[in-house]
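> What follows is a structure written as structure tokens; I'll ask about it next.
Values in this text are rule-based calculations from the coordinates and carry no lab data. Computed from a predicted model, the values in this text were never measured in an experiment. A quick note on method: Cβ atoms are made from the backbone with ideal geometry, for glycine too, and the neighbour counts reach across all protein chains shown.
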Amino acid sequence: MSETIINTLITPAIFTFILSLVYFFLYKEEGQRYLILWSVAWFINALIYVFHFIAQLDNSLLWEVLRRFSVNIFVVFFILGSLNFCGKKSKNTLIFISALITLWYLAGLYLEFNFILLHAPINIVVGISFILTAIIYLTLPEAKQIGKTITAGSLFIIGINNSLLPFFVAVWMIPQAYIFPVTTVAKLGLTVGILLLYFERNKSNLNITQASYKVLAENTPDIIFRYNLHPNQQLEYINPAFTKATGYSCQELLSNPSLLMNILHPDYHHLVKELLTLQSDSGETLDFVAYHKNGQEVYFESHIVPQYRSGGQLISIEGIIRDVTQRKLMEKEIMALEEKQKKQTEMALCTAEDRFSKAFYNSPYPMAIISKDFTNVDVNYSFEESTGYHYIDLVSSDKLKEIFKDDKLNFKKLIEYGNRIRNLQFEFLNKSGENRTGLLSSEEIVFDGRQSILLVINDITDLKRMENEMSRLDRLNLIGQMAAGIGHEVRNPMTTVRGLLQILGNNKQYSELKERFDLMISELDRANLIITQFLSLSKNIPEELQPDSLNKILDNLQPLLQADALTQGKNIKFELEEMPNIDVNSNGIHQLILNLVRNGLEAMQKGGTVTIKTFIDGDEVVLSVKDEGSGIDSYILDKLGTPFLTTKEEGTGLGLATCYSIAERHNARVDVDSSPAGAVFSVRFKMVY
């Protein structure tokens, strides 16, 4: 191997490879993009020399093609790194030109261009690219003159050398052994120049950073200090915030180190000794108190960071000290305020608990508090009154489930899962077995430290009864208005028709049609009866009432009632107690008793007995009619008194409606109690005093 090849190829290859490693190391330290681009570029440049060396030995076209491709890639990566270093944006034009000259080279090889035509365009483009890059380096404003001059000069030499290389070799016949050293020297100069620029920039950035930190340290409200421990113990630096915090100037402290112990509160002198002997933890936050020049106590919070040499020797202590006097005073005020608020809260809580207790136990609404595990049950007085149970009886969850047995109300899940409900209508059972209707609301609360459910019941049983009564009265009023409007107008022509039918029935000419005439007359009489009952319902004005005895009225009706019962093979039983007179209209009461007794007789089988009672219940006089029928279906009970509601095949449905209307005009009410053993209708009149 000749010395020329070693000097022109092997040595530059080793040099550029080492240069690539240097840039890669810098990239690992700094992380700058241009460093990795330069590292790749110089690595490819080392490959160029390797390919050229192999081509010299092998004389194969493949290695020459690889060398040419590597040159193009080297140029692209180097220029991209330079643009990134100079803060210029890279454009796709560079890659496009590189691809174009690569295609030119491939086409030249295929078409067998001569040496000048094949290499000159490519080398000129590459040379111009280096020259333009040199101009960019010359325009760097922040770089020093020596660094950018060496870099730009080297790039100019490389650019010109590359542009004229084909002519040096093919025209002027200059051996490459003379040309390569020039390029190598230029690349060495380029390396030196770029490294100078790189380190000049880092130094400039460091100076800027130091200046920024100095401005920050001089103007920060926190005290920043550095205390040297090696080789001599002394306070090296403290910023002006010290003066504002303590009233002493920085120069006073720097010139008189013993002033530090005078400023520091005696209780905290041990901190200084611990820090100087490194008995405190590294990076520890310390609180201490010092004296201001005016004698006032000042509170500080410090963060201390020890600085070590690479061998582990402690050389200095740096730290930041913050004046937290206002915060400490505020904390004391907050603590005092919290203590005051705590006492107020406790008082308010006691007051709230007392108010809640009074509101709970004295509420007119039934209320209960039940823990989710059913171990704690408490109810108010209204709940006891409404259900009939004492709160001691309700400790058992089974008793509660018995009260809240409504199927649509899953009581167990309601308590366990705390479902929030509002005004859910449900049925509940009181101790006497009476079904009552309520609106249930629930809320999850914490009571006696337990998760519990607050139940509030609005008992609307009486309201529902009143609504049903109002609905029935509205229906009666409607029927009464209809009866008043059409009753009289219909009866007059019916009377005329009935008279004509009687005349025709008595006429011998129509004797064969007499049965039909009689049927028509009976139907007219039936219609007249319905109209009469209509007119009875239409009497909205109070009837003329006179004091009379119910027992006397029943005595007068007894023969008629007994005759009706005997005709049907049934019995009537009277149980009359002595009672005072009440204000009644005897005709209306006659009709009411007849309707109730006849309904009872029709509801029984043969041999049954209707029992008629009179008795006093509190301030009411009660007329009771009881039959031994099969009772009234539950779906009909709520509709009793509705006109035309009947279960009889030939009934008009106006009998009970008339009874309710008569009772209303006497300021009385009708109660119904039904069971499979029969039904009891009780008419309750107010006693007159």
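> Check which residues have an amide H placed less than 5 Å from G608's amide H, if you skip close sequence neighbours.
Amide H neighbours of G608, under 5 Å, 5+ apart: N571.
> Rank by packing, highest mean first: peptides 183-196, 346-359, with packing defined as the count of other Cβ atoms within 10 Å averaged across residues.
Working: 183-196: 18.5, 346-359: 10.4.
The most tightly packed comes first, giving 183-196, 346-359.
> Kindly flag which residue pairs out of K88/K203; K148/K187; K343/K372 have an alpha-carbon separation exceeding 25 Å in this structure.
On the way: K88/K203 21 Å; K148/K187 14 Å; K343/K372 31 Å.
Distance filter (> 25 Å) returns K343/K372.
> Moving on to the next point. Can you compute the radius of gyration and Dmax for the stretch 248-352, using only the Cα atoms, both in Å?
In order Rg, Dmax, the Cα atoms of the stretch 248-352 give 19.9, 69 Å.
> Work from the charge dipole of the stretch 225-364 (Cβ charges, +1 for Lys and Arg, -1 for Asp and Glu, about the Cα centre) and give the residue of I304, A336, A359 farthest towards its positive end.
In the stretch 225-364, that residue is A359.
> Could I ask something else about it? Could you tell me how far the Cα centroid of the stretch 41-92 sits from the Cα centroid of the stretch 309-379, in Å?
73 Å
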